[in-house]
Amino acid sequence: MQISYKLQDRFDFAIFIPTIILIIFGLLAIFSSTYSHPTAHGNFQKQVFFVVVSIIAFLITFSLPQRTFNVFAIGIYFASLFFLVAVLIAGKTIFGAKAWFGIGGFGFQPSEFAKLGTILMLASWLTYKNRDINNLKDIGVAFMIGFAPIMLIMLEPDTGTSIVFSIITVAIIFWSGISLFGMFVVISPLIVVLASMLGTIAFIIALLLVVAALFFFKKDIFNCVVVFVINLSSGFFFDYIYKVLKPHQQKRILTFLDPTSDPLGSGYNALQAKVAIGSGGILGKGYLHGNQTQLRFIPAQWTDFIYCVIGEEFGFIGSIIVITCFFIIFIRLLKLSSNAKDQFSVLVIIGVLTLLFSHFAINVGMNLGITPVIGLPLPFLSYGGSSLLVNMILIGIVLNIYKNRKLHT
Amino acid sequence: MNDSLFGSPIRRRIVYFIVISFFSLCVLQLFNMQIIQQPRYSEKSAENSVKPIYQMAPRGVFYDRFHRILVGNKPSFTLRITPSEYDKKLTPYIEAILGASPGYIDKILKQNELYSKFLPRRIAKDVSYKVIAWYEENMSKLPGVDYVMETRRDYSFGVMGSHMFGYSKEIPMDIFQQRKDEYSIGDEIGFNGIEKSYEDMLRGNKGTRYVLVDAKQKTIGPYKNGTEDQNTVKGDDLTLTIDKDAQQVAEEAFKDKRGAVVALDPANGEILAFLSAPQYDLNDFAKVTSTEIWNQLNNDEERPMFNRATMSYYSPGSTFKMVSAIAALEDGIIDTTFKVNCNGGFQFGDHYFKCLGHHGPINVIHAIEHSCNTFFYQLILKNGLDRWSLYANKFGFGKKSGLDIGEETAGILPSTQYYDKVYGKGKWTKGFLVSLGIGQGELNVTPMQLAEYIGLIANYGKTAKPHFLKDYQDIKTSKLVNVKPQYYDIGISRNTFDIVRKALYLVVNASGTAGNIRSQELQIAGKTGTAQNTQGKEHSVFIGFAPYNNPKIAIAVIVENAGHGNVIAAPIARDIIKAYLQKDKKNDPKILAGFNSTLSGKLNAN
């Protein structure tokens, strides 16, 4: 095949330009929400530094030989697990979660790097020769690859990131061609867990639905029993987990189930975020003129509630520009997944898509009051070095895949 | 690997569907929030971050009838505590700097427990600069403590006037419950006297400053650069009918006495001097009134809080004799030729009623002049209770005068119904009447009623309801609004009044009981009285008016436990009359000009 040396052919502007636009919006919003803040006023400069570092990391990733990612997948994955264990022992607690290493004034978040490791590892393992995704053992191993970091992150505890890992794991397994029954085996425990949090009756109904589904699939008795036991025990297991959760996390789950029950706690932030966005109107209140933002009604707004700074100060227009950038990136990633040159690359792109989309959906949904309040940064916009760095590395990998899509190895 | 299912078109479509539908959902929700519901959220956002700070308006000041200031305002610092943020450990330090006794702050906080703990309470008004300087220095260690600049009443203009001026205080909970729309907790409200009656004019409009606050209610800066702020509007200034000179003389005369003075202009009911003695210091109420001061004032045997001028029950004594005379003359029961022979008393049934002299044959004029009891014992029997009672009622006895500060009693005016009610029908005799004839017995009057009565005699039965307010400066329209007196005429003939007035003139200017206050320039006419008093010495009473030919002032003076009317009460009345009628040449020419124009205006009106 002929290699084209046209720039557009080697570099995907359709992903890169929206990404840069989002980063710029993020910098503006971080500046607006922190420049007059007594303790966070240095965050803008730090974020500029992170942007520079991230772009360098992006360029490096983009330039690496493509096979590097597959080769180093196992290494990166186990290094991630190592750091996740280490952070539980020696980490720093910020916002109630033991998720950071302090390095010279900067925080390093192993769970962010675990995203990279897990995506590469899942993609690599599932596309290794002669895998059968519909073999219960292979599903089990794939599931365990995703489950190991999830468990460690839940111990920090960081509910949002655990959810993102679950979604990534399910999505990659789904894309790799699992059968409907396999999908059922993977997803049904999650539904049962959710139901168990809603109460005993919901838990029993969910289990009955699982039994009904098992009849529908007409599998042998061994499979049925195994699947049912998995469901049943995961329900009890998560009920147990819920009980050992810290009160603020239990509260988050309760607020998630009934957002109006706690107007001054976690629901307060959600309400204030809605007020900020709603009061922005069509054109916004003007940059640096959003009173919700400037008067600091939302604590640590430059992290999880960055989107409402844009909603308030840039209005409907600004809000639409931001979600449109994300939309372009998602659609483009889906498009790229269909012309990557191997299945590993496809699964990596799907992993990146799922990662960005789940962050986006949970974060923007929370800001708009359509999903529960779950602490997750908005990719490219929220303040935070680790998240930005990893996201740019992932974009670098995707563009690297794009660059090499026509090459034979 | 299951290649047929890997990234199959159907799975691709599922992912497309999820991404597109979530994107659409976001767009719809943004449209809903930022365009459809934008007004609602904007309102919420504004409420959130904008906090109104109220500023009390200075109350309107009081001037006397010649526009001399009586009650003013002065700036003062008020120290406040907001219980929700306050740390009780600070109490000893604050009490120490205020010089208050231990437990002072606790007591005030207890008194105000009903109110929300987020509202600041006034702990001390009118605190010194020293306290404020101390506060400023230690502000960071004093959470929940702050101070505000307010104005307080300034009573340093030489007139106490405690019972007429009254005081204002923080709105009590019960009144607040009734007037929620007009007042907020912590607002001041006139509580008695003129402060209460003219509250609506005096209070002005609170100012509102809008400030931006953060989520912790900390002030960040002005809202919209202050363009939405409303300035305070000062209350309307009142010109009272009071004459500062006359008032000062009255207050001075009563410094060591108990009693009351009411002086008014008989032509229009304007109160010229008004005093209940002893008085209390209004300054005590301009601060945060402590329980000690309250108890002290309420337990004082002399009852300084009690308004003797309108609330007391005094026997009028001989000053009431003119009621009988007028009733009999007007109804033709007697004329000036009717005489009674006074031998020093009057035998009625088995009781002998004494007179203070042996007046021999005496007619109505001289009976008044010499205050002959014998004459009036018999006259009331001639009149009968009902006639006497009817005429007394015409002169305002047994009913409230309608004075504009309220707080009055109707006194007691015996009548047939009254005795029937108290003693039962047929169980009382005419003997009850005899002492009424000389203003004793169950008859009880207020000094206010006596002043109104003598005013009516002075002005031939025509006057207006007594009142304190002459005019006021409407702040909103900046117009001077005159108060129209409510005139009335009790419909008694000029002839009758001529006879009685002449007698009253003789009391002072011939050989009558008040010859000691005779004055060529003042031309006073009046009547003394000695009011029986079950506890201790009699009260000394004098009612009178001047000048005789063109009355400008009518006055009632009661001095408790001071003996005969002519000795103590009459000279005080004379001094007050003099202060009003003879303005010192050294006075401000403007005041004199004003005084002369009021005088000439009245002459023309007559």
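The values are calculated or read from the model by the stated rules, or taken from the named source; none is laboratory data. Small disclaimer: the values here were computed from a predicted structure and weren't measured. Methodologically, a virtual Cβ is constructed for each residue, glycine included, from the backbone with ideal geometry; neighbour enumeration extends over all protein chains shown. SASA here: full protein model, heavy atoms, side chains in, ligands and nucleic acids out. Shrake-Rupley method; radii C 1.70, N 1.55, O 1.52, S 1.80 Å.
For segment A:308-321, the count of residues that are crowded, with 24+ Cβ neighbours inside 10 Å, under 16 Å from the mean Cα position of the chain (by Cα), under 30 Å from A:TYR402 (Cβ atoms) and at pLDDT 95 or above is zero. B:GLY204 meets each of the listed conditions (1) in contact with a Leu (Cβ under 8 Å, 6 or more places away or on another chain); (2) open to solvent by less than 30 Å² (accessible area, probe 1.4 Å); (3) within 29 Å of B:THR78 (Cβ to Cβ) apart from (1). Please work out which residue is most open to solvent (accessible area, probe 1.4 Å), limiting yourself to segment B:456-466 and to residues that are at negative phi and over 21 Å from the mean Cα position of the chain (by Cα). The extreme case among them is B:LYS462.
Counting only strands (runs of 3 or more DSSP E) that sit wholly inside segment B:467-539, those with at least 1 residues that are open to solvent by less than 80 Å² (accessible area, probe 1.4 Å), among the charged types (D, E, K, R) and farther than 30 Å from B:ILE365 by Cβ are B:469-474.
Here are B:PRO75, B:PRO52: which of them is open to solvent by 20 Å² or more (accessible area, probe 1.4 Å), more than 7 Å from every other protein chain (Cβ to nearest Cβ), under 30 Å from A:GLY284 (Cα atoms) and of a type outside the set (A, V, I, L, M)?
Result: B:PRO52 is the single residue among B:PRO75, B:PRO52 that is open to solvent by 20 Å² or more (accessible area, probe 1.4 Å), more than 7 Å from every other protein chain (Cβ to nearest Cβ), under 30 Å from A:GLY284 (Cα atoms) and of a type outside the set (A, V, I, L, M).
For segment A:337-349, the count of residues that are among the small types (Gly, Ala, Ser), assigned to a helix (DSSP H, G or I) and at the interface with chain B (Cβ under 10 Å from one of its Cβ atoms) is at least one. The criterion of being more than 16 Å from the chain's Cα centre (by Cα), modelled with pLDDT of 80 or more, over 27 Å from B:GLN55 (Cβ atoms) and open to solvent by 20 Å² or more (accessible area, probe 1.4 Å) does not hold for B:ALA246.
In the condition set (1) touching a residue at least 60 places away in the same chain (Cβ under 8 Å); (2) of a type in the set (S, T, N, Q); (3) in a helix (DSSP H, G or I), A:ASN363 is compliant with all but (1).
Return a yes/no flag: does segment A:128-139 have any residue that is outside any loop (DSSP other than H, G, I, E, B) and open to solvent by 50 Å² or more (accessible area, probe 1.4 Å). Among the residues of segment A:128-139, at least one is outside any loop (DSSP other than H, G, I, E, B) and open to solvent by 50 Å² or more (accessible area, probe 1.4 Å), which makes the answer yes. Of all residues in segment B:240-252, none satisfies being under 24 Å from B:LEU480 (Cα atoms) and either without any contact (Cβ under 8 Å) to a residue 40 or more places away in the chain or within 14 Å of chain A (Cβ to nearest Cβ) (or both). Every residue in segment B:419-473 that is touching a residue at least 24 places away in the same chain (Cβ under 8 Å) and β-branched (Val, Ile, Thr), please. Those that are touching a residue at least 24 places away in the same chain (Cβ under 8 Å) and β-branched (Val, Ile, Thr): B:THR429, B:VAL434, B:ILE438, B:VAL445, B:THR446, B:ILE454, B:ILE457, B:THR463. Within the option set A:LEU209, A:LEU232, being touching a residue at least 24 places away in the same chain (Cβ under 8 Å), more than 27 Å from the chain's Cα centre (by Cα), open to solvent by 50 Å² or more (accessible area, probe 1.4 Å) and over 17 Å from A:SER179 (Cβ atoms) holds for one residue only, A:LEU232. Comparison of B:GLN34, B:GLN38, B:GLN29 shows that the only residue that is open to solvent by less than 20 Å² (accessible area, probe 1.4 Å) and within 14 Å of another protein chain (Cβ to nearest Cβ) is B:GLN34. For segment B:205-224, filtered to residues that are among the polar types (S, T, N, Q) and modelled with pLDDT of 75 or more, the residue that is nearest to A:HIS37 (Cα to Cα) is B:THR208. When segment A:150-203 is filtered for residues that are within 14 Å of chain B (Cβ to nearest Cβ) and open to solvent by 10 Å² or more (accessible area, probe 1.4 Å), the ones remaining, listed by number, are A:ILE167, A:VAL170, A:ALA171, A:PHE174, A:SER179, A:LEU180, A:PHE181, A:MET183, A:ILE187. Candidates are the residues of segment B:13-26 that are facing chain A (nearest Cβ under 7 Å) and over 14 Å from A:GLY369 (Cβ atoms); the one that is surrounded by the fewest Cβ atoms within 10 Å (Cβ to Cβ) is B:TYR16. Can you find, within segment B:168-201, the residue that is farthest from B:LEU480 (Cα to Cα) among those that are open to solvent by less than 20 Å² (accessible area, probe 1.4 Å) and part of a loop (DSSP other than H, G, I, E, B)? Top of the filtered list is B:GLY186. Looking across segment B:261-285, the residues that are free of Cβ contacts under 8 Å to residues at least 40 places away in the same chain and open to solvent by 10 Å² or more (accessible area, probe 1.4 Å) come down to B:PRO278, B:ASP284. Can you tell me which residues in segment A:350-384 are within 12 Å of chain B (Cβ to nearest Cβ) and open to solvent by 10 Å² or more (accessible area, probe 1.4 Å)? Residues satisfying the conditions are A:THR354, A:PHE357, A:ALA361, A:ILE362, A:GLY369, A:ILE370, A:THR371.
Could you list, in sequence order, all residues of segment A:288-336 that are assigned to a loop (DSSP other than H, G, I, E, B), touching a helix residue (DSSP H, G or I) at 6+ places or on another chain (Cβ under 6 Å) and more than 9 Å from every other protein chain (Cβ to nearest Cβ)? Within segment A:288-336, A:LEU288, A:GLN301, A:TRP302, A:PHE305 qualify. Among the residues of segment B:436-455, not one is touching an Asp or Glu at 6+ places or on another chain (Cβ under 9 Å) and open to solvent by 20 Å² or more (accessible area, probe 1.4 Å). Under the condition of being touching a residue at least 40 places away in the same chain (Cβ under 8 Å), over 17 Å from B:LEU28 (Cα atoms) and not polar (S, T, N, Q), the residues counted in segment A:319-340 number 6.
Among the listed residues B:ALA57, B:ALA46, identify the single one that is more than 11 Å from every other protein chain (Cβ to nearest Cβ) and of a type in the set (Gly, Ala, Ser).
Of the residues listed, the single one that is more than 11 Å from every other protein chain (Cβ to nearest Cβ) and of a type in the set (Gly, Ala, Ser) is B:ALA57.
Considering (1) within 21 Å of the chain's Cα centre (by Cα); (2) farther than 30 Å from A:GLN301 by Cα; (3) open to solvent by 20 Å² or more (accessible area, probe 1.4 Å), the lone condition that A:ALA73 does not fulfil carries the number (3).
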